[in-house]
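Since every read-out is calculated from the coordinates, none of them should be taken as a lab result. The structure displayed is predicted, hence computed values, not measured ones. Don't worry about glycine lacking a Cβ; one is built from the backbone with ideal geometry, like all the others, and counts go over all protein chains shown.
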Amino acid sequence: MNTSTLRIVSIVQVRVDAFLKEIFDICKSSEEGLKTKSLWDTIATEFAICDSVEVAVRRRRNQRTSFAHLTTDIVHYIFGMVVEVDRVHDPDLPVRALDENREDLFRMRRVSSAWNEFLLSSPRYWQTIHIASPPQVITAALERSGSAPLCVYCFGSSPVERPEDLPKELRSSCARIRTLRSENSRIYPLLRWFVRDHRPALQTLQLARYSATIEDTVEPLGDLSSIRHLTAQWWQPPAHAAWLVGLKELVLFRSDEPDMELLQLLSACANLEDLAISDMGSRAIQEFPSSTLPITLPRLKSIRLYFISNGSAMKLTPKLITPQCHQRSLAIDQPLSPRKLVTVGSYRQRRAAPSNPSPHAFLSKADVEAVTAFHDLVQEYQRLFKGPPLTVTIKDPSEHIWWYLKSLHDQNIRTIEAHFPKQKLEAVGDLLKAIGALSVHIAPRPIADSTTDWPFKSLRSIEIHHADMDLGNFTNLIEEYLNKSSKRLPEEIVLISCNLTGMELAEAAERLAAIEITLRDVACTYHGLEGSLDQGVLID
């Protein structure tokens, strides 16, 4: 502080001391004639006086801060972004995020009295009610929320399992609940109580049922005609429920293979816009009766399917007709050995990686069947959605993984994204071989009958992540495996977060530009010749 400020502070300090002495004298004189107070009572009184003065000073100080000069709308905007107030009723916001935002709100209250007073003054910050909170916390939040629509949720465990254990204020506020969400299967009966009667404000419902005890997964519910977003974990509503016609989003977690009950349920959701099914059924697949007609979902815009087996996916996908669907993903998870992971858009195959992979890929009969089934499934999905461009994402590359990539040579693959966590150039060379190989036969039968057409004709971009490579050798590999006069080349190759050595990037880009391939990097590290991580590696 400068000299002028120090002088002012010194004067103020003297006057504050005099002011406090005057206050204490007034207090002392007002108590004359009363019974003599103890020393502790006198000290407590002086503390209370000091606290009241401190509050007054802090209030004055808060009025002079920049926070106090912000308009109410700007403060709401800032605080609303921090605790995601506008997403309280968003079904895509994870339940965990609801709980984290609620904790952030309590932290913000402790920053200053001004912040605390502001947050307490607005009902919009008190819409979320954690059902496992102490009763007094729930009651206080309900009072502060005014008439705002409520989001009641449960994250983690809950000591409350019966309706009678809930605060009476919450039980009497059910009509205000717009969102009811929980991933805790143990309180499923409690949350069922919330929807036993018609709740006209309820729009989002997420309930998890304990799957280990499920025999009949169909769960009858009351009148849920106001529901627009439903997430059902290990249960599903009856297909004859009239309120299904109002659903816009349906997320199902199932433990059985696709069955007629599921088809009937989907056929009842005539206005569905978003559909997600995670089916963990691993039983033997039984086909639908030949008389089963396809299900048309005329308004569906997004579909996400996850299956434990190719068979389940092949069984359901041909039965869905979605003329307006623009976002599609299909995931397949078959626990076969050895371990590998391929993602096609969101098409996935998982396997267990061999501890000592052999230098030459060997496919057993079971692997051949799996690769063939995977190709047929993706092809069926392409047919179903009229051949949309696909992105293939490859993680944890291994010798076997390239057969799955090769099998997709005749699909509309637009981008290949490959992750090579600290792997050498040999692994990148295997990728280029798989893309540029003329023959894609997989014994005992080839995926395609043609051996004269080049694979991946629609490929436009290749992304390579986290690889260690010598740019000179990498450029040689591209020229060797991709520079075919009768094959259209990718338009660009993007190196992302790679460790680069050898040739300068500009020189490598110039060489590839000669064959009309753009080379660029994103967040890569160049070590130069001295820090080479991959010295002179060539692949035969």
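Observations
- Stretchable slack from residue 267 to residue 139, in nm (0.36 nm times residue separation minus alpha-carbon distance): 41.8 nm
- Gyration tensor (alpha-carbon) shape descriptor, the stretch 147-186, a/c threshold 1.5: oblate
- Counting 0.36 nm for each residue step from residue 492 to residue 386 and taking away their Cα separation leaves a gain of 35.6 nm.
- The packing ranking of peptides 414-421, 295-302, highest mean first, is 414-421, 295-302, where packing means the average number of other beta carbon atoms within 10 angstrom of each residue.
- For residue 307, the amide hydrogen comes within under 5 Å of the amide hydrogens of 279, 331, 332, 333, counting only partners 5 or more places away or on other chains and with H modelled in the peptide plane.
- From most to least packed by mean Cβ count within 10 Å, the peptides 158-164, 186-192 give 186-192, 158-164.
- As a rough guide to protection, the peptides 515-523, 201-209 ranked by mean Cβ packing within 10 Å, highest first, stand as 201-209, 515-523.
- For residue 390, nonlocal amide neighbours, meaning residues 5 or more places apart or on other chains whose placed amide H falls under 5 Å from its own, are 413, 414, 415.
- Across the stretch 116-131, rounded Karplus estimates of 3J(HN,Hα) from the backbone phi angles (6.51 cos²θ - 1.76 cosθ + 1.60, θ = phi - 60°) give 4, 4, 5, 5, 5, 7, 10, x, 5, 8, 10, 7, 8, 10, 7, 5 Hz, Gly and Pro being marked x.
- Multiplying the residue separation of residue 426 and residue 157 by 0.36 nm and subtracting their alpha-carbon distance yields 92.0 nm.
- Residues whose amide H lies under 5 Å from that of residue 256, counting only those 5 or more places away or on a different chain, are 280, 281; hydrogens are built 1.01 Å from N in the peptide plane.
- Estimated FRET transfer efficiency when R0 is 56 angstrom, pair residue 42-residue 100 (beta carbons, to 0.05): 0.75
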